[in-house]
1. Just checking, does region 15-31 include any residue being assigned to a loop (DSSP other than H, G, I, E, B) and at pLDDT 50 or above?
2. Looking only at region 220-233, count every residue that is open to solvent by 50 Å² or more (accessible area, probe 1.4 Å) and within 26 Å of L328 (Cβ to Cβ) and tell me the total.
3. For the structure I just gave you, tell me whether A306 is surrounded by 14 or more Cβ atoms within 10 Å (Cβ to Cβ), at pLDDT below 90 and outside any strand (DSSP E or B).
4. I need a count of the residues in region 243-269 that are basic (K, R) and surrounded by fewer than 22 Cβ atoms within 10 Å (Cβ to Cβ).
5. Looking only at residues in region 101-142 that are touching a strand residue (DSSP E or B) at 6+ places or on another chain (Cβ under 9 Å), without any contact (Cβ under 8 Å) to a residue 40 or more places away in the chain and of a type in the set (G, A, S), which one is most open to solvent (accessible area, probe 1.4 Å)?
6. Please work out if D272 is closer than 22 Å to L370 by Cα and open to solvent by 50 Å² or more (accessible area, probe 1.4 Å).
7. Being among the aliphatic types (A, V, I, L, M) and free of Cβ contacts under 8 Å to residues at least 40 places away in the same chain narrows it down to one residue among V227, V274, V232, V249; which is it?
8. T217 is checked against (1) open to solvent by less than 60 Å² (accessible area, probe 1.4 Å); (2) polar (S, T, N, Q); (3) outside any strand (DSSP E or B) and fails just one. What number does that condition carry?
Amino acid sequence: MTCRRALPAALLLFLLTACGADGPRHAESTVPEWPLEEVVRIGSVDGEVALTQVGVVMLAPDGRILVAQPRDAAVRVFAPDGSPAGMIGRRGGGPGEFQFVSGLGFQGDTLWVSDSPSRRVSWFGPDGAFLDSREWATERWSMEAPARGAYLPTPPEVILPDGSGVTLTGRAIAMMTGGAPEAREPSLVRGSPIVRFDTTGTILDTLAWEQNRSGNTLLNFQGRPLVMRMPVNDGPLVAIARDGGGAVVAERTLPPGPEPGWVLRRLTSGRDTVFERRLPYTPVPLPGAYVTRLAEERAAAYSRGAPGLTAAQIEAAWRDADFVPETLPPVTGLVATQDGRIWVRREEPAAGEPARWEVFDAQGQAIGRLQLPAAQQVQAAAGDRLVVLEHDELDVPYLVVYRIQEG
């Protein structure tokens, strides 16, 4: 199924700069706006192009689109024009079969697929034929006192050129805070480390931590307490670089001072910093309507277990607990695609407005900016093609392929 639509040009000009410790700042006028042309849309309510849960999406060297379908325990393959081009794997425990597809990628023209329940990685040829498989996952891990935490063995999400793997581990709860993980003082932090490990599962180093900065407050509803999570999380975002370049971190907490900004950082093996850029940010006040919308969504989620709970009650609990920040987080999405580029979704747009995305190269230099419908999320990119995921009003998933017109 193919169609062509031009995405509208930018509606607003905005400031985008990037600088290193001693590097130059780039004015918005030097960062081009990238027009997009929609060329392929994949998905339907039913039929052979219908998608279920969408996992990792990759663009093959020959232009095919590979889509992990975790619940189906298979990888769907689509031709560059969006037409169905087969299936790799099926549910089972035998050679070339999966229980749950958790990751995939390419080593040259060879496809590898990881399966988290079986802790196994399988390799397939360009024609989809099964080649080999082996068990490969991180060792079972636990932290020593005074820290506390653990995670189960996890297969790779990215395989590096040296043969080691990188993965975001299963959720860990660690008693630590401040500084490097190995030197932190005891304090509760919920998160997961991104680790690099060898073929025996031995962890070689920790690249970054995905931390959930969150808080809870209790709302007394009809004589019983309900736990209300904070509505806006400004903790750091972390992404594994699909090009094998380590991990990317966006520090979103705005420091005090007259020149607030957020930090974009890329880390590689041994926690070496490839680059660190501090991006100036003009704080955007958090609209009251945005908080009300989040409260309405939360009330709807509680409708079965707490019928009668209103959005107004939830919003009041948040405000009483000082959980509503004055400004929007400067970044709401972070993706590091297989072409080495870093895609940053800026602050949450107003209702009905598109989302602003800024694009950086592998060295952290701003190279482009674009707008996407707020409901679309970047999944994959290579060359002049960009793949995003969206869900319709019935929550049916679609993949949309754009051609980037960089000029």
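The values are calculated or read from the model by the stated rules, or taken from the named source; none is laboratory data. These numbers were taken from a predicted model, which means no experiment stands behind them. Cβ atoms come from the backbone with ideal geometry, glycine included; neighbour counts cover every protein chain shown. Accessible surface is based on the protein model in full, side chains and every heavy atom, while ligands, DNA and RNA are left aside. Shrake-Rupley method; radii C 1.70, N 1.55, O 1.52, S 1.80 Å.
1. Looking for residues that are assigned to a loop (DSSP other than H, G, I, E, B) and at pLDDT 50 or above, one finds at least one in region 15-31, hence yes.
2. 3
3. In short, yes.
4. Here the count works out to 2.
5. Applying the filter and picking the extreme gives S142.
6. No: the conditions fail for D272.
7. Every option except V227 fails the conditions.
8. Here T217 clears every test but (3).
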